[in-house]
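Comments concern the structure below.
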Amino acid sequence: MKAKTLKNLAFTGFALAALLFAASAGSAVADDKPGPSLYDRIGGYKAIAVTVDDLVDRIYVNQTLNQNPALKQIHGLGEKAAFKLILATWVMENTGGPKVYFGRDFKTAHGPLNITNREFDVILHECKETFYKFGVPQKEMDELMAGLESQRATVVSVK
């Protein structure tokens, strides 16, 4: 695979992770300037798929996250591939790509998981690790991380 393609895939994956916590289309990560959408800037569906694959693998084996009984139970259902698909479609839609997301809203999906601020921070860390791995440019990383942080109140249900 060409280096440019890998870089684009990594960048898209970063966007996916950042959007993991956005509540709806038009989230805080939307770019106000005219020009290519974030979806296009990060490499489209192929890059998103590669990045989501890496990120979800990281999340599923993270020992801190698996101390949360609700997350551990979800991780043990054998539905990782389905989660990757749902997350990838959500990221595509929320970065300005095709409208293909079919999952639940984030409050409904994350509420029963009893996610704490610490666990949210761990997920942000895993997102950054994935983005660094794939060489996501700093500008896009900053934009995506700000979007993720803006979703803390929606995802965190245990103070």
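The values are calculated or read from the model by the stated rules, or taken from the named source; none is laboratory data. Just so it is clear, the structure is predicted and the values come from calculations on it, not from any experiment. Cβ atoms come from the backbone with ideal geometry, glycine included; neighbour counts cover every protein chain shown.
Here residue 31 clears all of (1) modelled with pLDDT of 90 or more; (2) over 16 Å from the mean Cα position of the chain (by Cα); (3) under 19 Å from residue 150 (Cα atoms) except the condition numbered (1). The single condition from (1) modelled with pLDDT of 95 or more; (2) closer than 19 Å to residue 154 by Cα; (3) surrounded by fewer than 17 Cβ atoms within 10 Å (Cβ to Cβ); (4) not charged (D, E, K, R) that residue 71 fails is (3). For segment 29-86, which positions are among the polar types (S, T, N, Q) and either more than 21 Å from residue 121 (Cβ to Cβ) or in a helix (DSSP H, G or I) (or both)? Once the filter is applied, which keeps residues that are among the polar types (S, T, N, Q) and either more than 21 Å from residue 121 (Cβ to Cβ) or in a helix (DSSP H, G or I) (or both), segment 29-86 yields 37, 51, 66, 67, 73. Residue pairs whose Cβ atoms lie under 8 Å apart, sitting 6 or more positions apart in sequence or on different chains, and linking a residue in segment 86-110 that is on the phi > 0 side of the Ramachandran plot to a partner that is aromatic (Phe, Trp, Tyr) and assigned to a helix (DSSP H, G or I), are 96/39.
Residues checked against (1) out of contact with any Lys or Arg (no Cβ under 9 Å at 6 or more places or on another chain); (2) of a type in the set (Gly, Ala, Ser):
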{"residue": "50", "(1), (2)": "yes, no"}
{"residue": "57", "(1), (2)": "no, no"}
{"residue": "64", "(1), (2)": "no, no"}
{"residue": "68", "(1), (2)": "yes, no"}
{"residue": "78", "(1), (2)": "yes, yes"}
{"residue": "117", "(1), (2)": "no, no"}
{"residue": "130", "(1), (2)": "no, no"}
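Scanning segment 32-69 for residues being closer than 24 Å to residue 98 by Cβ and out of contact with any helix residue (DSSP H, G or I) (no Cβ under 9 Å at 6 or more places or on another chain) gives a total of 6.
When the residues of segment 51-68 are filtered to those that are modelled with pLDDT of 95 or more and in contact with a Ser or Thr (Cβ under 8 Å, 6 or more places away or on another chain), the one that is surrounded by the most Cβ atoms within 10 Å (Cβ to Cβ) is 55.
Looking only at residues in segment 105-159 that are in a helix (DSSP H, G or I), at pLDDT 90 or above and among the small types (Gly, Ala, Ser), the one that is farthest from residue 73 (Cα to Cα) is 153.
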